[in-house]
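Visitor: Please find one structure pasted underneath; my questions will follow.
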Amino acid sequence: MSSYNISGKYYNDLTSLVKGEELTWMEIDLIKQILEPGSTLLDIGAGTGRHLIPLFQMGYKVYGIEESDLMLSFFESGKIPFDQLFLVSFWDFNKRGNFSNSFDLITLFWNTLNELDFTRRDLRKFMIKCKKLLKPNGKILINSDNPNNFDYKHLKYNASSVKDGKTITLFSSVKRFNPFRNLTVTEELIEVKDNNGKIIDKIYSNLKQRWWFKDEITQLAEDMGFRIKGHSIPLNNEMYLELCL
């Protein structure tokens with residue numbers, strides 16, 4: 001089972017601490033700079049629709065891929081037709097998934113690429129698949145944490161959110177690091193307390209990520225015929241790479 005299916009019911013509460021509404025709208029504005037309304041977009045790792053639902057309401061033709069059915073259930077409030085949403089594991093998309101639609105833009109936000117491609121071979125296959133899905137002037141927008149800016153090998157943090165009298169806390173800590181593959185396995189604990197401080201829920205999950213540097217992505221993308229354009233957003237120092245055919 002996907003770790004996001006395990007933690008899905010608290011996903012929005014925890015996401016808001018790291019990817020707040022202001023940042024999300026800045027990312028949507030970036031998409032609007034790249035893509036005109038009415039264009040067709042595929043979001044890989046769509047989550048609960050923080051990008052796709054507003055874009056759909058603005059007139060974009062949106063599609064989403066998500067490996068958690070619990071995550072996709074949040075799309076009901078956005079009125080996005082379910083035939084435009086695909087419940088597919090990232091592994092299946094990368095290795096075997098077959099999608100016939102032709103897209104103007106493919107997006108991967110918040111380290112989705114790190115969870116999708118663990119080797120250069122994986123990344124190359126992914127880009128080959130994207131080229132087949134994109135229209136002649138199509139683009140890919142990749143967003144991920146910049147591994148040059150923090151100690152991803154020993155990452156440890158916690159964050160809390162209060163909602164309806166409950167305190168929801170995420171504890172996250174890297175447990176294993178593979179220096180040969182630049183890969184981490186992070187143990188995550190979601191702990192929920194009532195207004196009296198009593199623990200009423202605990203959820204454990206593991207997250208595997210391969211940390212990609214900008215130069216690695218750029219070199220491989222250029223070798224495959226993409227032009228690269230970097231973007232920045234004032235609220236963070238993450239990578240936003242636009243790959244253009």
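Visitor: Restrict the search to region 190-245; then list the trypsin sites (Lys or Arg not before Pro) that DSSP places in a loop and that have at most 16 other Cβ atoms within 10 Å of their Cβ.
Guide: Answer by residue number: Lys198.
Visitor: While we're on this one: In whole angstrom, how long is each semi-axis of the equivalent ellipsoid of the chain, when you take the square root of 5 times every eigenvalue of its Cα gyration tensor and sort them from largest down?
Guide: Semi-axes (√(5λ), whole Å): 29, 22, 17.
Visitor: Quick one: grab the alpha carbon gyration tensor of region 105-183, order the square roots of its eigenvalues as a ≥ b ≥ c, and give me rounded if a/c is under 1.5, else prolate or oblate depending on whether a/b is larger than b/c.
Guide: The shape class here is oblate.
Visitor: So, counting K/R as plus one and D/E as minus one, what does the shell of residues with Cβ under 9 Å around Glu242 add up to?
Guide: +3
Visitor: If you find the alpha carbon centre of region 106-165 and of region 198-230, how far apart are they in angstrom?
Guide: Here the answer is 3 Å between Cα centres.
Visitor: Sticking with this structure for a sec: Any chance you could run the full-extension gain for Ser160 through Ser16? It's 0.36 nm times the residue separation minus the Cα-Cα distance, nm to one decimal.
Guide: 50.8 nm
Visitor: Which is farthest toward the positive dipole end of the chain among Thr24, Ser102, Leu55, measuring Cα position about the Cα centre, with Cβ charges +1 (Lys, Arg) and -1 (Asp, Glu)?
Guide: Going by the charge dipole, the pick is Ser102.
Visitor: Moving on. Taking only C-alpha pairs under 8 Å that are 6+ residues apart, what is the relative contact order of the chain in percent?
Guide: 17 percent
Visitor: Considering only DSSP states other than H, G, I, E and B, which chymotrypsin sites (Phe, Trp or Tyr not before Pro) in region 133-219 qualify as loop sites with at most 14 other Cβ atoms within 10 Å?
Guide: Of the chymotrypsin sites (Phe, Trp or Tyr not before Pro), the ones in loops of region 133-219 whose Cβ has at most 14 other Cβ atoms within 10 Å are Phe150, Phe180, Phe213.
Every number in this text was worked out from the coordinates using simple rules, so none of it is lab data. The model shown is predicted, which means the values in this text are computed figures rather than measured ones. Because the Cβ atoms are built from the backbone with ideal geometry, glycine has one as well, and the counts that use them run over all protein chains shown.
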